[in-house]
Amino acid sequence: MYWSGNKYERFTYFHIAHQAAMWLWVKAFVTSVVPQAFWFRRCRTTPLFALSIGLGVLIAINLEQWILWSTSNDMLQNIYQKH
């Protein structure tokens, strides 16, 4: 899609990757990079660090599930309205 050189396709690619799906980048960072802090002993042994990292990951995963549910719910309603 991006390699064709079409200015509209470039705009669409940029919009999806950098603006419309910003929650995806935040979720990916929180669920994959932030838990890497547990490699450091201080983060593993300090309850406040462990709690904050765990809550951040929990919120990011629940946000992803909510977004998947809310978008799929609209599709299901549209399918059932046809019948």
Candidates Q65, Q19, filtered to the one that is assigned to a helix (DSSP H, G or I) and modelled with pLDDT under 70: Q19
Kindly indicate whether any position in the stretch 43-50 is among the hydrophobic types (A, V, I, L, M, F, W, C) and at pLDDT below 70. no
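The values are calculated or read from the model by the stated rules, or taken from the named source; none is laboratory data. Just so it is clear, the model here is predicted, and its values are computed rather than measured.
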